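The values are calculated or read from the model by the stated rules, or taken from the named source; none is laboratory data. This structure is a prediction, so every number in the text was calculated from the model and none was measured. Reconstructed Cβ throughout: ideal geometry from the backbone, glycine too, with neighbour counts over all protein chains shown. The area values use the complete protein model at the heavy-atom level, side chains included, leaving out ligands, DNA and RNA. Shrake-Rupley method; radii C 1.70, N 1.55, O 1.52, S 1.80 Å.
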Amino acid sequence: MMVSAIISRVVILVFGTLYPAYASYKAVKTKNVREYVKWMMYWIVFALFTCAETFADIFLSWVPFYYEAKIVFVLWLLSPATKGSSILYRKFVHPQLTKREQKIDAYIQQASDKGYSAILTVGSKGLSYASNVVVQTALKGHGAVLDHLKKSYSMSDLSVEGSSTAVGPNVPPVIPDNEDELDNLDNRLIEEREEANRRLREGRKENEMLQQKGNAGAGQDDVITTRDTQLRSRTSKYSHKEASGWFW
């Protein structure tokens, strides 16, 4: 069964599709009207055969010699001796299409109109939804940035040498929806951050200066203490010598 299916598929692909396509190309190139009409009838019949084959493969593939019958049918359509495609088209396809041509055209027009309107409706809804998502995402992202700034640069987090005293006004807890107010809030946060950093740097500089002065004072005290010790040592020596009687 599997081998028959593969063989039938290869035969239909080569003899039912590729060869007629090349023959149609030759007919168009040579402008042979007879060949052109012949292959046009074949393609119409082959299109109907392909539609029927799609469903038949599902429901009739278990029938014995089903794939062999498809191979024989395609060869019968192509054979110049049998002219199967011309016979089917002239006796069955053309009369049925002529009877239902207006209905088919009406259905096609209706489907195209509805399809166009449906595409426009779906497209407009999709664009609207996408724009709303983008706007909401931008607002949420902006709010997240402001929350991060409030947490990162809060005045209570800035201290000088372990001091926890808050500097500057508190950031408003409510984020406004107006874009101008959001920009003003951003500017205020940036200014407050720069001011706090400036004060922090000044405090550190003052502490460093005080430490340097303290170190310098301690050094001077050491020098004075050393000199005082030397003078006392010399005085004690002189006093000792004078007391011994040989100092003159």
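Restricting to DSSP loop positions (anything but H, G, I, E, B) with no more than 14 other Cβ atoms inside 10 Å of their own Cβ, which trypsin sites (Lys or Arg not before Pro) remain in segment 96-126?
ARG100
Which order do SER86, SER117, SER8 take when ranked by solvent-accessible area (1.4 Å probe, heavy atoms of all protein chains), largest first? Walk me through the numbers on the way to the answer.
Details: SER86 20, SER117 55, SER8 0 Å².
Descending accessible area places them as SER117, SER86, SER8.
Give the residue list of chymotrypsin sites (Phe, Trp or Tyr not before Pro) in segment 59-115 that are DSSP loop and have at most 13 other beta-carbon atoms within 10 angstrom. Each step should come with its number before you reach the end.
Working: sites: PHE59, TRP62, PHE65, TYR66, TYR67, PHE73, TRP76, TYR89, PHE92, TYR107; in loops: TRP62, PHE65.
Of the chymotrypsin sites (Phe, Trp or Tyr not before Pro), the ones in loops of segment 59-115 whose Cβ has at most 13 other Cβ atoms within 10 Å are TRP62, PHE65.
Just to confirm the filter: which trypsin sites (Lys or Arg not before Pro) across segment 1-83 are DSSP coil and have at most 10 other Cβ within 10 angstrom of their Cβ? Let's see the in-between values first.
Numbers: sites: ARG9, LYS26, LYS29, LYS31, ARG34, LYS38, LYS70, LYS83; in loops: LYS31, LYS83.
Within segment 1-83, the qualifying trypsin sites (Lys or Arg not before Pro) (loop, at most 10 other Cβ atoms within 10 Å) are LYS31.
Considering only protein heavy atoms and a 1.4 Å probe, what is the carbon-and-sulfur percentage of the accessible area of segment 1-98? The partial results should precede the final answer.
Values: 5100 of 6690 Å².
Ligands and nucleic acids excluded, carbon and sulfur reach 76 percent.
Any idea of the accessible area per residue across segment 1-98, 1.4 Å probe, to the nearest Å²?
On the way: 6690 Å² over 98 residues.
Accessible area per residue: 68 Å².
Distance cut-off 28 Å, Cα to Cα: go down the list LYS29/LYS99; LYS70/LYS91; LYS70/LYS114; LYS91/LYS114 and report the pairs above it. The partial results should precede the final answer.
Details: LYS29/LYS99 33 Å; LYS70/LYS91 21 Å; LYS70/LYS114 37 Å; LYS91/LYS114 34 Å.
Pairs exceeding the cut-off: LYS29/LYS99; LYS70/LYS114; LYS91/LYS114.
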